[in-house]
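Below you'll find the structure, written out as structure tokens, and then a few comments.
No lab work stands behind these numbers, since they all come straight from the coordinates. Note that the structure is a prediction, hence the values are computed from the model and not measured. Backbone-built Cβ (ideal geometry, glycine too); neighbour counts: all protein chains shown.
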Amino acid sequence: MSDAVCHKCNEVITQRIITALGKTWHPEHFACKDCDSPIEEATFNIQDGEPVCAKCFLKNYSGTCFGCKQPILERTIKALGQTWHENCFVCGGPCKKPLVGTSFYERDGQAYCKPDFEELFAARCAGCSKPITENAIVALSAKWHRNCFKCKKCLNPITASTFAVEENKPVCTDCSA
């Protein structure tokens, strides 16, 4: 049997031994790489292959959540050039739903779910005032849903490329004659 050598002092370990990170240590030498305090807890953090105590990890290595400004000790979400807790990365609109694992829209550094983004920022139809999320008809200095661009008189959708205008509303060629 070969003698175990301490990773820190390179001396043979003859009594109690700590095995961690694929290395062996004297118990008093299994210490934080930053503050050199012995690590006695069963769980510890690792930085550059060396042990780090919880206090130094929080101070030196944990990210800070952009949403709540608290340290991130669990899974980190990276989005919009920031780091977040999973629970803090939520829609910036009225729903406040979590956005982890979903697609989202960004505006002015804020993330939004699709429904809230469309409700808040999409162009509005001149006919029904609802958000336009598909192709629009642009006419009379406004945008329209295809089905909302209707004749003012007969209320049928105008599909022809020509139409008349009365009181800034479209009128089909049949009704304008």
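Side notes on the structure shown:
- The smallest convex shape that holds all Cα atoms of the chain, its convex hull, gives 172 Å³ per residue.
- Rh (Kirkwood; distinct C-alpha pairs) - the stretch 18-60, Å: 10.3 Å
- Pairs of Cα atoms nearer than 8 Å and 6+ residues apart set the relative contact order; for the chain it is 8 percent.
- Against the compact-protein benchmark of 2.2 N^0.38 Å, the Cα-based radius of gyration of the stretch 82-177 scales to 1.53.
- In the chain, taking the dipole from charged Cβ atoms about the Cα centre, the farthest positive-side position among ALA54, TRP84, PRO27 is held by TRP84.
- Calculated P(r) of the stretch 1-86 - Cα pairs past 14 Å, %: 67 percent
- Magnitude of the charge dipole for the stretch 77-121, about its Cα centre and with charges confined to Cβ atoms of Lys, Arg (+1) and Asp, Glu (-1), is about 120 debye.
- Model label zone, ASP36; criterion: amide N under 17 Å from point 7 Å along Cα-to-beta-carbon; scope the stretch 56-90: 56
- Put a dot 7 Å past the Cα of GLN70, heading toward its Cβ, do the same for THR102, and the two dots end up 2.2 nm apart.
- Annotation: lysines with alpha-carbon distance below 28 angstrom to LYS8 (same-chain offsets under eight excluded): LYS23, LYS33, LYS55, LYS59.
- Where the alpha-carbon atoms of the stretch 77-121 are placed on the principal axes, they occupy 26, 18, 15 Å, in descending order.
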